[in-house]
Amino acid sequence: FSETFSQTILEIFPGGGSNRPEPDVRVEGVLFVLDGELEIEFDDIREHLQPGSYVYIGPGSNWKINNSSKSPSRVQWIRKVYDFVDGIDAPKTFITNEQNIIPEPISENGEIWSTTRFVDPRDLRHDMHVNIVNIDPGGAIPFMETHVMEHGIYILQGKGVYRLNSDWIEVEAGDFIWLRAFCPQCCYAGGPEQFRYLLYKDVNRQIAL
């Protein structure tokens, strides 16, 4: 599977957590809360996380996470070794929620196909993006595309059909797809509700050989 990143579902039960979840100072990460509530601490700041919360964790950050609620919580945890570049500062840890972000329509498809972007694509400090792709019922990515990077895709909501190479694969909420670099791909929403997925990709760096 993946060679440049890891993507995990982390389950934290009431009273659980960690005071040192990331032992590698080279690693950056993203947490996306699927359900439940959590508390996170970094740089003497304590924040409450709930479904839809997005946390970017910069390399070398000291952080803690715990579940002080009465119910389990599930989190998508994506990790990657940060690719430092001379003259560009590494990004700092920040927290937001998808509810605070207006999805950007993809021009060819109006509002049927949109992307919720947590990081400005013009910000060269970031060497990875974790976005949410939203496709309305009956909508589609209508053309085969390919990319120079790996992808990790976690289905958040709804059902769809993904074409990977020459195969059509049915997927639904809770499924995970790993796409190698240069894998031809497209998809359409196949259910009665919006088809949404969390998409990982690396960006803004030369291909490592």
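The values are calculated or read from the model by the stated rules, or taken from the named source; none is laboratory data. Worth saying up front: this structure is predicted, and the values here are computed from it rather than measured. When we count neighbours, we look across all protein chains shown, and the Cβ atoms used for this are built from the backbone with ideal geometry, even at glycine. For accessibility, only protein heavy atoms count, side chains too; no ligands or nucleic acids. Shrake-Rupley method; radii C 1.70, N 1.55, O 1.52, S 1.80 Å.
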Strands (runs of 3 or more DSSP E) enclosed by segment 167-209 - at least 3 residues per element that are closer than 30 Å to residue 86 by Cα: 195-202
Would you mind stating whether residue 60 is touching an Asp or Glu at 6+ places or on another chain (Cβ under 6 Å), small (Gly, Ala, Ser) and closer than 22 Å to residue 119 by Cβ? no
Residues of segment 127-162 being among the hydroxyl-bearing types (Ser, Thr, Tyr) and open to solvent by less than 10 Å² (accessible area, probe 1.4 Å), in sequence order, are 162
Collect the residues in segment 6-49 that are open to solvent by 40 Å² or more (accessible area, probe 1.4 Å), without any contact (Cβ under 8 Å) to a residue 40 or more places away in the chain and either among the hydrophobic types (A, V, I, L, M, F, W, C) or part of a strand (DSSP E or B) (or both), keeping them in residue-number order. 25, 35, 41, 45, 46, 48
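Based on this model, can you work out whether residue 130 counts as of a type in the set (Val, Ile, Thr) and in a loop (DSSP other than H, G, I, E, B)?
Values: of a type in the set (Val, Ile, Thr): yes; in a loop (DSSP other than H, G, I, E, B): no.
Considered against the rule, which asks whether it is of a type in the set (Val, Ile, Thr) and in a loop (DSSP other than H, G, I, E, B), residue 130 comes out as no.
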Within segment 42-60, work out how many residues are touching a Phe, Trp or Tyr at 6+ places or on another chain (Cβ under 7 Å) and modelled with pLDDT of 95 or more. 4
How many residues does segment 190-200 hold that are open to solvent by 10 Å² or more (accessible area, probe 1.4 Å) and closer than 20 Å to residue 34 by Cβ? 5
In segment 4-49, what residues are in contact with a Pro (Cβ under 8 Å, 6 or more places away or on another chain) and at positive phi? 36
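Among the β-branched types (Val, Ile, Thr) and within 20 Å of residue 132 (Cα to Cα): which single residue out of 78, 45, 40 fits that description? Spell out how you get there, then give the answer.
Numbers: 45 fails: within 20 Å of residue 132 (Cα to Cα); 40 fails: within 20 Å of residue 132 (Cα to Cα).
Every option except 78 fails the conditions.
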